[in-house]
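The values are calculated or read from the model by the stated rules, or taken from the named source; none is laboratory data. Everything quoted here is computed from the prediction, not taken from an experiment. Cβ atoms come from the backbone with ideal geometry, glycine included; neighbour counts cover every protein chain shown.
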């Protein structure tokens with residue numbers, strides 16, 4: 001009466017073998033990831049804290065760098081950079097490589113007529129990587 005069915009006994013060893021193989025594959029993948037440093041080549045976005053203030057009376061744009069995060073510096077680009085008045089109080093170099101605490105004021109008189117409206121953009125830079133930190137539209141017309 002104590003007869004064991006051979007089909008019932010085979011289920012347990014098959015499940016055991018499948019679990020052992022699955023665990024071995026997972027552990028092999030983890031060890032390979034550690035040994036070959038998989039994931040170290042993922043670039044982190046460059047981050048910086050920048051405040052852009054647009055005032056209309058009097059008309060000016062203030063760009064202030066509050067923190068650099070993992071950035072080396074911040075560059076100001078966009079329409080003000082492309083349309084600075086020649087011989088004005090600002091030059092394009094004044095909008096480059098800003099650090100913590102640096103503030104740049106771009107007045108209406110610093111801009112050519114084509115630059116009286118547009119978008120000012122602050123870009124965080126680290127080595128050869130660049131990320132948009134913030135941007136702000138303005139219109140002095």
Original post:
Is the range 99-109 home to any residue that is within 23 Å of the chain's Cα centre (by Cα), under 25 Å from residue 127 (Cβ atoms) and modelled with pLDDT under 90?
Top reply: no
Original post:
Residues 125, 120: which one is in contact with a helix residue (DSSP H, G or I) (Cβ under 6 Å, 6 or more places away or on another chain), crowded, with 17+ Cβ neighbours inside 10 Å and in contact (Cβ under 8 Å) with a residue 60 or more places away in the chain?
Top reply: 120
Original post:
Is it true that some residue in the range 48-58 is at pLDDT below 90, closer than 14 Å to residue 124 by Cα, assigned to a loop (DSSP other than H, G, I, E, B) and under 33 Å from the mean Cα position of the chain (by Cα)?
Top reply: no
Original post:
Which condition number in (1) modelled with pLDDT of 90 or more; (2) more than 26 Å from the chain's Cα centre (by Cα); (3) outside any strand (DSSP E or B); (4) within 23 Å of residue 134 (Cα to Cα) is the one that residue 90 fails?
Top reply: (1)
Original post:
residue 114 fails exactly one of the following numbered conditions: (1) under 18 Å from residue 54 (Cα atoms); (2) in contact with a strand residue (DSSP E or B) (Cβ under 9 Å, 6 or more places away or on another chain); (3) not in a strand (DSSP E or B). What is the number of that condition?
Top reply: (2)
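To keep it simple, each residue is scored yes or no on (1) touching a residue at least 12 places away in the same chain (Cβ under 8 Å); (2) crowded, with 18+ Cβ neighbours inside 10 Å.
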position: 31; (1), (2): no, no
position: 54; (1), (2): yes, no
position: 61; (1), (2): yes, yes
position: 65; (1), (2): yes, yes
position: 91; (1), (2): no, no
position: 99; (1), (2): yes, no
position: 103; (1), (2): yes, no
position: 112; (1), (2): yes, no
